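Step one of this worksheet: look at the structure below.
The values are calculated or read from the model by the stated rules, or taken from the named source; none is laboratory data. This is a predicted model, so every value here is computed, not measured. In this analysis, Cβ positions are derived from the backbone assuming ideal geometry, glycine residues included, and neighbour counts consider all displayed protein chains. Keep in mind that these areas ignore ligands, DNA and RNA; they rest on the heavy atoms of the full protein, side chains included. Shrake-Rupley method; radii C 1.70, N 1.55, O 1.52, S 1.80 Å.
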Amino acid sequence: APSIGWTHDTLNRGLFPTEGGQQRLSALATIPGSDLEYYKLSYKHQVYFPLAKDFTFRLQGEFAYGDGYGDTNGLPFFENYFAGGTGSVRGYKNYTLGPRAHILVNGVPVASNPIGGSTKVIGNAEMFFPVPFFSETKSIRLGAFFDAGTVSDGFSVSDLRYSTGVSGEWLSPFGALSVSAALPLNAKSGTATEPGDQKQFFQFNFGQNF
């Protein structure tokens, strides 16, 4: 599908920035008369605030929405958004937040697969600081964060999931590495007919852009 994008970047450096911001806006839509007629819009904004020496505070928000038009009812399932995990809401397994399809046996769910949704809302607040006793090492940093977000088909504040925890990031010779230990704050508990949220305390990612 044809797409357009716009980026405005005032970050002071590409890796481990300490001040400035970045905005990204993108849109795509299929051509009227296509077999599937739909559109998608997304906007992401992050801002870094330098505080005391080697302490940086980051606020980040992301909103994305898609829908069908013409003869297409809703966003096609393969274009859905996903949330949860690294780069999203840490403390929940990757891509598991939001609507799910349940596999039932005698009316009891035995598996639950995420199917995503047409609306994604993500927000993060994080304080970065140097590793104690290694403050001169600029290739590694720690963080304390609060994450919030979800995906849904018709956003409601009650759908939001929250987590808090600590993170570590290292610009290794082999690429960027990140780890986090997160505590979900309002994970949905499972019932006999409805599985709960899938939590994951420790998460690891290789190759993420910071």
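Packing-based ranking of 11-17, 96-102 yields 96-102, 11-17, ordered from highest to lowest mean Cβ neighbour count within 10 Å. With θ taken as phi - 60° and the Karplus curve 6.51 cos²θ - 1.76 cosθ + 1.60 applied, the whole-hertz 3J(HN,Hα) list for the range 55-64 is 10, 9, 10, 10, 10, 9, x, 9, 9, 9 Hz, x standing for glycine and proline.
Segment PHE204..ASN106, full-extension length gain: 31.6 nm, with 0.36 nm per residue of separation and the alpha-carbon distance subtracted. A crude spin-label estimate for the pair PHE63 and THR7, with each label 7 Å from Cα along the Cβ direction, gives 2.2 nm. Within the shell defined by Cβ-Cβ distances under 10 Å, the residues around LEU185 carry a net charge of 0, with Lys and Arg each +1 and Asp and Glu each -1. By definition, a body whose alpha carbon gyration tensor gives a ≥ b ≥ c is oblate when a/c is 1.5 or more and a/b is not larger than b/c, and the chain fits this oblate description.
As a fraction of the 1.4 Å probe accessible area of the chain, surface on carbon and sulfur atoms comes out at 61 percent. Do the alpha carbons of any pairs in LYS44/LYS199; LYS53/LYS188; LYS53/LYS120; LYS40/LYS93; LYS53/LYS199; LYS40/LYS199 sit beyond 32 Å of each other, and which pairs? With Cα atoms farther than 32 Å apart: LYS53/LYS188; LYS53/LYS120; LYS53/LYS199. Backbone amide hydrogens, once placed in the peptide plane, bring THR96 within less than 5 Å of ALA83, excluding anything fewer than 5 places away on its chain.
Name the shape class, rounded, prolate or oblate, that the alpha-carbon gyration tensor gives for the range 117-207, where a ≥ b ≥ c are the square roots of its eigenvalues, rounded holds for a/c under 1.5, and otherwise prolate holds if a/b is larger than b/c and oblate otherwise. Prolate, since a/c reaches 1.5 and a/b exceeds b/c. Averaged per residue, the chain has 55 square angstrom of accessible surface, using a 1.4 angstrom probe with ligands and nucleic acids left out.
Summing charges over neighbours of GLN198, with a neighbour being any other residue whose Cβ is under 12 Å away from its Cβ, gives +4 when K and R count +1 and D and E count -1. Under a Gaussian network description of the chain, with springs only between Cα atoms under 10 Å, the residue in VAL131, VAL47, VAL105 that fluctuates furthest is VAL105. Listed by chain and number, the aspartates and glutamates placed with their C-alpha closer than 15 angstrom to that of LYS138 are ASP54, GLU169; residues fewer than eight positions away on the same chain are left out. Summing Lys and Arg as +1 and Asp and Glu as -1 over all other residues whose Cβ lies under 10 Å from the Cβ of ASP71 gives a net charge of -2.
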